[in-house]
Each structure stands twice: as structure tokens, then as C-alpha cells.
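Trainee: Quick one: the structure is below, and I'll ask about it shortly.
Every read-out reported here was derived from the displayed coordinates using simple, explicitly stated rules and does not represent laboratory data. Please read all numbers here as calculations on a predicted model, not as lab measurements. For neighbour counting, all protein chains shown are included, and Cβ atoms are generated from backbone atoms with ideal geometry for every residue, glycine included.
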Amino acid sequence: MTFREQYEAALTVKAAACPETIPNTSYFAGTFYELLDSTAERLPTVLSGGSIEIGEAFSLLFKPLGCRLLLYTQEGSGTLLLPGRDCALTAGSLLYLDCRNLSFSLTAVGHPWRIVAFSLGGGAF
């Protein structure tokens, strides 16, 4: 299974908006990159990433996903919801999260919420 397929299977998007205005799940990953089998387990690898703008009240619900997440908030704000705690993500905050054994959600609070997100795989972290 490719990382794109894993990502799309792990993410559910919930919104107050009309279903036809909700982007597909791959929008929230940015660009997907090719994984090189020769280095996949030994070196840190960017699996997907880029700048993402969330302009409506979206909640992104993630099942465990085979990667780590690096998320920087450029503008606006959001909330990371973990079992038992909430973490505010405001302009200038940087989040590193190991998604491999963790379900979590991200909710846009201040609109637009502009983030730069990278899904990282591989070893040597």
C-alpha cells in the first residue's frame, strides 16, 4: 500500500460546510513524494508535505498512520486533540507528533489556518 493510500484511509474530514465544498483527504497532505525503497528504513524521508490553508471549520480525524508529523502554524490557529488532552496551535507554533500508534484530530479554530505540514518516514530520527 502506498503512503497516499495509507493517508487517505487514515483520515476522516468533518465539517459544518456542505459536503461538496470539502476538499478530498489528499488536499490535507500537500504533495505526495516517491518513497525510495533503498533508503526508506535508514534515512528520514519526506512522504508528503507543503503549505495548506484551511478556511472553514474542519476537523481532521486521524487513525494511526505510518509516519511522523511536523506541523508549523503560519497564521490562524488550531487545536490538536489527543486522548485526555488538548493542545493549542497558534501562529509560530511547531508540532512534532509520532502518528504511528496514535489516533488524534486537528481542528481549525482561527480562519484561515495556514500551516506547513510534513509527513516523515524512515529511520535515524
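Trainee: Would you look at the GNM of the chain, springs on alpha carbons closer than 10 Å, and say which of Ala57, Ala29, Ala16 moves the most?
Mentor: Ala16
Trainee: With a sphere of radius 13 Å drawn around the Cβ of Ile115, what net charge do the other residues whose Cβ falls strictly inside it have (Lys, Arg +1; Asp, Glu -1)?
Mentor: Net local charge, Ile115 excluded: -1.
Trainee: When a/c is below 1.5 the answer is rounded, else prolate if a/b is larger than b/c, else oblate, so apply that to the chain with a ≥ b ≥ c taken from the square roots of the Cα gyration tensor eigenvalues.
Mentor: Since a/c reaches 1.5 and a/b is larger than b/c, the shape of the chain is classed as prolate.
Trainee: Taking 0.36 nm per intervening residue step and subtracting the Cα-Cα distance, what contour gain separates Gln74 from Thr2 on full extension?
Mentor: Going from the current span to full extension adds 23.0 nm.
Trainee: Within the chain, what's the longest stretch lacking trypsin sites (Lys or Arg not before Pro) that sit in DSSP loops with no more than 12 other Cβ atoms inside 10 Å?
Mentor: 43-99
Trainee: Can you pull out the GluC sites (Glu not before Pro) in segment 15-116 whose DSSP state is coil and whose Cβ has at most 11 other Cβ atoms within 10 Å?
Mentor: Filter output for segment 15-116: Glu34, Glu41.
Trainee: Report, in deg cm²/dmol and to the nearest 500, the calculated mean residue ellipticity at 222 nm for the chain, where each DSSP H run with n ≥ 4 adds -39500 (n - 2.57) and the sum is divided by the residue count.
Mentor: -1500 deg cm²/dmol
Trainee: Where the centroid of each part is defined by its Cα atoms, how far is segment 5-78 from segment 83-108 in Å?
Mentor: 13
Trainee: For the chain, modelled as a GNM with alpha-carbon contacts under 10 angstrom, which of Thr31, Thr107, Thr73 fluctuates the most?
Mentor: Highest fluctuation among the options: Thr31.
Trainee: Only Cα pairs under 8 Å and at least 6 apart count here; give the relative contact order of the chain as a rounded whole percent.
Mentor: Relative contact order of the chain: 33 percent.
Trainee: Ok, one more. Just to be sure I understand: with springs between alpha-carbon atoms less than 10 Å apart, which residue in Ile52, Ile22, Ile115 has the highest mean-square fluctuation in the Gaussian network model of the chain?
Mentor: Answer for the Gaussian network model of the chain: Ile22.
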